[in-house]
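Before any comments, here is the structure.
The numbers here are math on the coordinates, done by the rules we state, and not lab data. What you are looking at is a predicted structure, and each value in this text was computed from that prediction instead of being measured. Methodologically, a virtual Cβ is constructed for each residue, glycine included, from the backbone with ideal geometry; neighbour enumeration extends over all protein chains shown.
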Amino acid sequence: VSACQMAGLDPKVVDVEPFALENSCRLMTYQMPAGGIGQVVAVVDFGASSTTFSVLSDLRVIYTRSFAFGGQQLTEEIMRTYGLSMEDAGRSKKEGGLPANYQSDVLDPFMDDMYQQVARSMQFYLASGTARERPSMVLICGGCANIPGVAELISSRLGIPAERGNPLGGMKLGPRAKNQNVNKESAAMLTACGLALRSFG
């Protein structure tokens, strides 16, 4: 609250991240089987330093798990491998221009780690209660969702359909919004969208 006030903002609501995520998932029902009604869907939100794995049943969160893993680890590996600064590594990660061995030596192992984190979280969820239903699909969100091929990798190894989540996909963009930039960053805006929906509740 103090940080918001120092920035000249007047905070109205303080929310809990899983609740914000649950709200934002309403914006991705167009991507879910049967609009998420009567369905069990997993949502993985890969942040910079932490990841949240949630399972929704009938659009309500029934399980959530957060753990230390995120895109920052990929940035640090780029720094170590190529001797770049944090700023240059982050820029290269997004814009490209890294050596030819980047895919095989750095990105592929990181994508394997992403899959392992999802698979481990899925095992924890299935073991967390009796008669846990396996999700019918997985939505991949966060900045790491933009890595080409990551949803396909997770889908093929888990044996469950997976795709990049897009909470902005059903919205009409304002005239000042740049369509390409919004679509590029949309997967990283899951929690922000959930918070913003509080204004329309």
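How big, on average over all directions, is the shadow cast by the Cα convex hull of segment 1-114, in nm²?
Working: hull surface 40.2 nm².
That works out to 10.0 nm², a quarter of the Cα hull's surface.
Which of the lysines could a cross-linker bridge to Lys93, judged by Cα under 17 Å and excluding same-chain residues fewer than eight apart?
Lys184
Under the √(5λ) rule applied to the eigenvalues of the Cα gyration tensor, what semi-axes describe the equivalent ellipsoid of segment 56-162? Give them in Å, descending. Intermediate results must be reported in sequence, preceding the final value.
Working: eigenvalues 191, 37, 27 Å².
One finds semi-axes of 31, 14, 12 Å for segment 56-162.
Tabulate in residue order the Karplus-calculated ³J(HN,Hα) for segment 92-105, using 6.51 cos²θ - 1.76 cosθ + 1.60 with θ = phi - 60°, rounded to whole Hz; enter x for Gly and Pro.
5, 4, 7, 9, x, x, 7, x, 4, 7, 4, 4, 6, 8
Please list, in chain and number order, the residues 5+ apart from Arg164 or on another chain whose amide H is under 5 Å from its amide H, with Hs placed from the backbone.
Excluding prolines and chain starts, which carry no amide H, the hits are Ile140.
Once the Cα gyration tensor of segment 111-201 is diagonalised, what are the square roots of 5 times its eigenvalues, in whole Å and ordered largest first, as equivalent ellipsoid semi-axes? Display every interim value, and only then the final one.
On the way: eigenvalues 159, 60, 21 Å².
Gyration-tensor ellipsoid for segment 111-201: 28, 17, 10 Å.
Divide by every residue of the chain the summed helix terms, -39500 (n - 2.57) for each DSSP H run of at least 4, and state the resulting mean residue ellipticity at 222 nm, rounded to the nearest 500 deg cm²/dmol. Kindly include the intermediate steps, with their values, before the conclusion.
Details: 8 runs with 78 residues, N = 201.
Taking each H run of at least 4 residues, the total per residue is -11500 deg cm²/dmol.
Counting pairwise Cα distances across the chain, what percent come out greater than 25 angstrom? Don't jump to the answer; show the numbers that get you there.
On the way: 8251 of 20100 pairs.
Value for the chain: 41 percent of Cα pairs lie more than 25 Å apart.
Ignoring solvent entirely, what values of log10 I(q)/I(0) come out of the Debye formula for segment 120-167 at 0.13, 0.16, 0.29 Å⁻¹ when each Cα is a single scatterer?
-0.33, -0.49, -1.09
So if we plug the beta-carbon distance of Lys12 and Ala131 into 1/(1 + (r/R0)^6) with R0 = 41 Å, what FRET efficiency do we get, rounded to 0.05?
Values: r = 40 Å, r/R0 = 0.97.
Rounded to the nearest 0.05, the efficiency is 0.55.
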